[in-house]
Amino acid sequence: MTAAAGVDTALQRLRDAAARLSGRQVTFMEVCGTHTMSIARLGLKALFPPNVQLVSGPGCPVCVTPQGVIDRMVALARVPGATVCTFGDMLRVPGTESSLERERASGARIRVVYSPLEALAHAEAHPGEQVIFLGVGFETTAPAIAQTLRQAKAKRVANFTAAVAGKVVPPALHALLSDDDVALDGLLCPGHVSVIIGAKVYGFIPAEFGVPCAVAGFEAAEILLGLASLCEQIAAGRATVENLYREWVRPEGNRRAQAVIDEVLLTADAEWRGIGVIPLSGYSLRPAWRDFDAFERFGIPEMHAPEPRGCRCGEVLKGVTQPRDCGIFGTHCTPQHPVGPCMVSSEGSCAAEFKYGGR
Amino acid sequence: MCLAIPARVLSVEDEVATVDLEGTRLHVNLSLVEGVAPGDHVLIHAGFALEVLSDADAQELAFYRERMRALGAQESMS
């Protein structure tokens, strides 16, 4: 009862704010895959005022990992004596000719872990194996990967490496907002990425693009209040970054975690699936940490692969195509037999639409 | 993948906290945060605490949330 009253209050605030837009149609983007899943699971879109549209963005790290990188990870799984440790979401993402799941079925040693620390502990306990951690993730995950590598170095664990393929969110938002195909009136910024990088980082979005931002949590009321803030900012003719997730997000973020990332990782140009190469948008190991680079240790070259035929994940990730508008959604591409990553990941917008979209 | 979950700290030993996550006890690495004490809340992701909310701040927040909800309930009844 009390929780529902919180949602009622937030919803009323969104409706009031949307009504002040004098019928103007607005399109917002939720940048974070965890938001995508919460919104779909809670059925929130059915509650939105008719002039408010919300599209999903490139906020699922698995989904934005290009196929060539998946192919490199499959190649790592084929290294004799290797044990690949990965977050579960990566397992079923199809590469050009295989997936980690298929490699496992063919006998490769692939372990699903919850933390990179588990992978390091496995390496310490099994010195005869080459343990490779697949380091996919955004800023939320980067400090965990970096700190685990610091521990590996301190403990001189020689059989532990990481395949770092992490991504940095703000440059992708800059690229997205600079894209002529993309027209957005506001951004619901990712809550847990912001815990690390801070809310201030998004200041360039209102300043350069005049687009309001709201950093919000993941409960129904928090998401609705985030959207209400975006409508209120537009109605008042202002654009700022409003932090509505203050219990966890500081303006400057977690400085200690930032320092750990900075010691181990640097940002370099990186390819995002469907978007292309974005300057300084990906993590890679600093030169002093090259000994821990799995790709380098096992001689896995860079790979590039075309998107699967018919798959429109790239457009879905930019919010310019909705999952149902993709010709293979729900027919050739399903969670059981995914073609693109947006259907595989538990945070992918196609998976959310398939699971909760009323099919 | 950026899912992070808050949990209450039961005890702290060196850089590891034992937390209570809805009845389950978990070990969480504290090396990315500072000054964690039993009773605090931590936001957990991939085995690490990413941020801390002190016991006092958590209680204050719960108070204001409850107040907001109560106000909402009054409004919806009137």
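Any read-out appearing in this document is the output of simple, stated calculations on the displayed coordinates, not a laboratory observation. All values derive from a computational prediction rather than experimental measurement. Note that we place each Cβ from the backbone using ideal geometry, even for glycine, and neighbour counts take in every protein chain shown.
Of A:GLY330, A:GLY166, A:GLY57, the residue with the greatest mean-square motion in the GNM of chain A, using alpha carbon springs below 10 Å, is A:GLY330. With all pairs of separate Cα atoms included, chain B yields a Kirkwood hydrodynamic radius of 13.6 Å. As a proxy for reagent exposure, ranking B:TYR64, A:TYR283, A:TYR356, A:TYR245 by other Cβ atoms within 10 Å from fewest up yields B:TYR64, A:TYR356, A:TYR245, A:TYR283. How far is helix A:220-235 tilted off the main Cα axis of chain A, in degrees rounded to 10, range 0 to 90? For helix A:220-235, the angle is close to 60 degrees.
Using θ = phi - 60° in the Karplus curve 6.51 cos²θ - 1.76 cosθ + 1.60, the 3J(HN,Hα) couplings for segment A:15-20 round to 5, 4, 5, 5, 5, 7 Hz; x is entered for Gly and Pro. If a/c stays under 1.5 just call it rounded; otherwise compare a/b with b/c (prolate if a/b is bigger, oblate if not). Do that for segment A:78-208, with a ≥ b ≥ c from the square roots of the Cα gyration tensor eigenvalues. Here segment A:78-208 falls in the oblate category. The mean sequence separation of alpha-carbon pairs under 8 Å and at least six residues apart, normalised by the residue count of chain A, gives a relative contact order of 24 percent.
Taking Cα atoms only, the orientation of helix A:169-178 departs from the longest principal axis of chain A by about 50 degrees.
Highest-first packing order for the peptide set B:32-38, A:153-159 is B:32-38, A:153-159, based on the mean count of other beta carbon atoms within 10 Å.
Please report the antiparallel percentage of the DSSP beta bridges confined to the protein assembly as shown, to the nearest 5.
50 percent
Mean separation of Cα pairs under 8 Å and 6 or more residues apart, divided by the residue count, gives segment B:5-77 a relative contact order of 24 percent.
Taking amide H as placed 1.01 Å from N in the peptide plane, the amide H of A:CYS60 sits under 5 Å from that of A:GLY33, each at least 5 places away or on another chain.
A convex hull fitted to the Cα coordinates of segment A:153-230 yields 145 cubic angstrom per residue. Seen through its C-alpha gyration tensor, with square-root eigenvalues sorted a ≥ b ≥ c, segment A:17-72 comes out prolate because a/c lies at 1.5 or above while a/b is bigger than b/c.
Size check on the protein assembly as shown: the Cα extents along the three principal axes, sorted descending, read 70, 53, 39 Å. The mean number of partner chain beta-carbon atoms within 10 angstrom of a residue's beta-carbon across peptide A:115-124 is 2.
Among bridges DSSP assigns within segment B:5-77, what percent are antiparallel (round to 5)? Present the calculation step by step, with values, prior to reporting the outcome.
Values: 20 of 21 bridges.
Of all bridge pairs located within segment B:5-77, approximately 95 percent are antiparallel.
The GNM of chain A, with springs linking C-alpha atoms under 10 angstrom apart, assigns the highest mean-square fluctuation among A:SER178, A:SER99, A:SER229 to A:SER178.
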